[in-house]
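Before any comments, here is the structure.
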Amino acid sequence: MAEFDPVGLFRVLVAHHVEFVVVGGIAARLRGAPVLTQDVDITPSASRENLERLAGALAELDARLRTAADPGGVAVPFDLGLLESGSIWTLVTRFGDLDLVVTPDGTGGYPDLIRDADPLRVAVSPDLVVEVASLADVVRSKEAAGREKDRAALPMLRRALEESGG
């Protein structure tokens, strides 16, 4: 299993000019909420050009499909056609787990999330900036998902949202 390194993962996506919004627990963490997470969730733009750039980034990341039967991942040739055919991809990469979620629950996907996202620096160096979903959008998505783990995180996320003035 790869060591979790979200900075390394973000660097590859940014180097490939992939348009995406960071969502889920890692977005909440980047927004200052005390969330522990061991994966990166992103919502990519679904444009053909962007999905082609994403396919290149996934190749560089040695992305493999994560399954319950094989948590180490199954080799899959990620290309434009494959990426256009799915809405959720759970992957393992050389920098840890990556989930691609085209339309997170309760949202309209990238066009919806980018409206209230902010570019945030995610590393010590000022050159690594990614678009991060607002805490309100993270809360909205987790409420809509309704999974037990999301319901458990909601009180803390709502508190962080209130404290941020959002």
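The values are calculated or read from the model by the stated rules, or taken from the named source; none is laboratory data. These numbers were taken from a predicted model, which means no experiment stands behind them. When we count neighbours, we look across all protein chains shown, and the Cβ atoms used for this are built from the backbone with ideal geometry, even at glycine. Protein only, heavy atoms only, side chains kept; ligands, DNA and RNA dropped before computing areas. Shrake-Rupley method; radii C 1.70, N 1.55, O 1.52, S 1.80 Å.
Which whole-number value in Å² is the accessible area per residue of the chain, probe 1.4 Å?
On a per-residue basis, the chain sits at 50 Å².
Quickly estimate the mean residue ellipticity at 222 nm for the chain, helices only: each DSSP H run with n ≥ 4 gives -39500 (n - 2.57), and the total goes over all residues, rounded to 500.
Details: 7 runs with 71 residues, N = 166.
The helix-only estimate for the chain comes to -12500 deg cm²/dmol at 222 nm.
Taking Cα pairs under 8 Å and at least six residues apart, what relative contact order does segment 87-166 come out at, in percent? Could the numbers behind the result be given before it?
Numbers: 86 pairs, mean separation 16.8, N = 80.
It rounds to 21 percent for segment 87-166.
Could you give the dipole magnitude of the chain about its Cα centre, charging the beta-carbon of Lys and Arg +1 and that of Asp and Glu -1, in debye to the nearest 20?
360 debye
If contacts are Cα pairs under 8 angstrom and at least 6 residues apart, what is the relative contact order of segment 1-94 in percent?
After rounding, I find 27 percent.
By how many degrees, 0 to 90 and rounded to 10, does the Cα axis of helix 148-164 deviate from the longest principal axis of the chain?
60 degrees
Beyond 18 Å, how much of the Cα-Cα pair distribution for the chain remains, as a whole percent? Mind showing how you got there, number by number?
Numbers: 7920 of 13695 pairs.
Beyond 18 Å sits 58 percent of the P(r) for the chain.
Can you tell me the orientation of helix 135-145 relative to the chain, as the angle in degrees between its alpha-carbon axis and the longest Cα principal axis, to the nearest 10?
The helix 135-145 is inclined about 70 degrees to the chain.
Hey, what did segment 60-113 get for relative contact order, percent, Cα under 8 Å, at least 6 apart?
Relative CO of segment 60-113 lands at 30 percent.
Leaving ligands, DNA and RNA out of it, report the carbon-plus-sulfur percent of the accessible area of the chain at a 1.4 Å probe.
Within the chain, the accessible surface is 53 percent carbon and sulfur.
Largest first, what is the accessible-area ranking of SER87, SER141 with a 1.4 Å probe?
The ordering from most to least exposed comes out as SER87, SER141.
What full-extension length gain, to one decimal in nm, is calculated for GLU143 and ALA123 as 0.36 nm per residue of separation minus the Cα-Cα distance?
Using 0.36 nm per residue and subtracting the Cα-Cα distance, I get 4.3 nm.
I want the antiparallel fraction of DSSP beta bridges within segment 34-130, as a percent rounded to 5.
Expressed as a percentage, antiparallel bridges in segment 34-130 total about 75.
Against the longest alpha carbon principal axis of the chain, how many degrees, from 0 to 90 and to the nearest 10, is the axis of helix 48-60 turned?
80 degrees
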